[in-house]
Amino acid sequence: MPIISSTVMLQKAREHQYAVAAFNVHTLEMLQAVVDAATEMESPLIIQSTVGTVRHLGAKYLVEAATVAANQSSIPIALHLDHCTEFNLIIECIRAGYTSVMIDASMHSYDDNVAITSKVMEVATAAGVNVEAELGKVGGVEDDIVVDEKDALLADPEECLKFVKQTGVLTLAPAIGTAHGIYKGDPHIDFERIEKIAALVDIPLVLHGGSGIPAEQVKRAVALGMSKMNVATELRIAFSDAIKHVFDENPSENDPRKYMIPAKEAVKQLAMQKIGLCGSAGKAGVLQ
C-alpha cells in the first residue's frame, strides 16, 4: 500500500487506547530497520525526519524511500516532518509527498502560534495531510531547536482546548514534562496534566521526548491518552554504538555492509521494544 496520512491511524490509536511509535530516521538503513520492526510486529508505523535530515537527504528521496517501504510492506505507514518552524519547508515536504507535518510555533506567543498553525492547516487540509502542533515548550534539543530546562513550559489544559478549536489542528503535542534527548535522571512527567488534556481535547495527543522514558511511565502515558510517541535520540545512539563496536573489533574494516548490517539490526531491536511499550503490536489491521 502507499504511504498514508497519519490522521485516521492516530484516531484509531486514541479510540483503542494504544499509541503509534514514530521513529526519526537519518539513513536508509534506519528507515529499513523501523519498517522491518513494525512489519514483524504487525504494527502501524510513522516514519519521521527532522528538518536537518530533510536538508541532508532531500524531501523527495525520503518520500521515495518511504513509498518503496510502504509498497513492499503489509502495514500502514505514514511519513512525518518533525518539529518544523519554516512554512516554506513544510510546503516543500507536502508537495514532495509527506503525509504528515509538524508546525512548531511554540516559541511564539499563543496568538502567533494560532495564526501560524492555522496557515499551515489551510494548505495541509487541502492536500489531505495531517498537521501536528505544539503547545507549551518541550525542553531539550531537537536538531537546531534548543529549549533550556528553565524555559520549558507545561501546556495548560484549557488553553489546549481553545487552541484546537481555533486552529482545527488534527494532532497536538502538549508539553507535559518530557524533554528531547536522553534524560540525566527520571523524567518528571505530569500525568495528571495528560489526563486533564485528554479529557478536554478529542484529538490524538503526542508524547515528545520518548527516548529513555522508563517503560512503566510510557505505558501510563499511553493509557491516559497519548496516541503517538516520538523516538529519536535512542535510535541514533543504538545505530552509532553498533558501528563503533565493529570498528573497535576491526579498525581496518572498510566495507559499509559490515558495519551497517549490525547497526540496522540494533535499530530494529530497539524499535521493536518501543512498539511493544506503545501497545500497537498486532494493530496493523485496525485501519483495514
The chain - charge dipole about Cα centre, Lys and Arg +1 at Cβ, Asp and Glu -1, debye rounded to 20: 620 debye
Folded to 0 to 90 degrees: helix 59-72 orientation relative to the chain principal axis, Cα: 70 degrees
Nearest-ten-degree value, helix 215-224 long axis tilted from longest Cα axis of the chain: 40 degrees
With DNA, RNA and ligands ignored, accessible area of residue 104 (1.4 Å probe; Å², nearest 10): 0 Å²
Ratio Rg/Rh, restricted to the chain and using Cα atoms, in which Rh is the Kirkwood radius: 0.95
Nearest-ten-degree value, helix 87-96 long axis tilted from longest Cα axis of the chain: 50 degrees
Among 84-96, 193-205, the order from most to least packed when residues are scored by Cβ within 10 Å on average: 193-205, 84-96
Signed unit charges on C-beta, dipole axis of the chain, positive-most listed residue 166, 187, 110: 166
Selection from 252, 235, 129, by position along the positive dipole direction of segment 6-278 (Cβ): 129
Rel. contact order, % - alpha carbon contacts under 8 angstrom, at least six apart, the chain: 24 percent
In sequence order, calculated HN-Hα J values of segment 154-159 (Karplus, 6.51, -1.76, 1.60; Hz; x Gly/Pro): 7, 6, 8, x, 5, 5
Among 276, 128, 177, residue whose mean-square fluctuation peaks in a GNM of the chain (springs only between Cα atoms under 10 Å): 128
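The values are calculated or read from the model by the stated rules, or taken from the named source; none is laboratory data. The structure presented is a predicted model; accordingly, all values stated were derived computationally and were not measured. Counting neighbours? That spans all protein chains shown, and the Cβs are built from the backbone with ideal geometry, glycine included. Ligands, DNA and RNA are stripped out before the accessible areas are found, and what is left, the full protein with its side chains, is counted by its heavy atoms. Shrake-Rupley method; radii C 1.70, N 1.55, O 1.52, S 1.80 Å.
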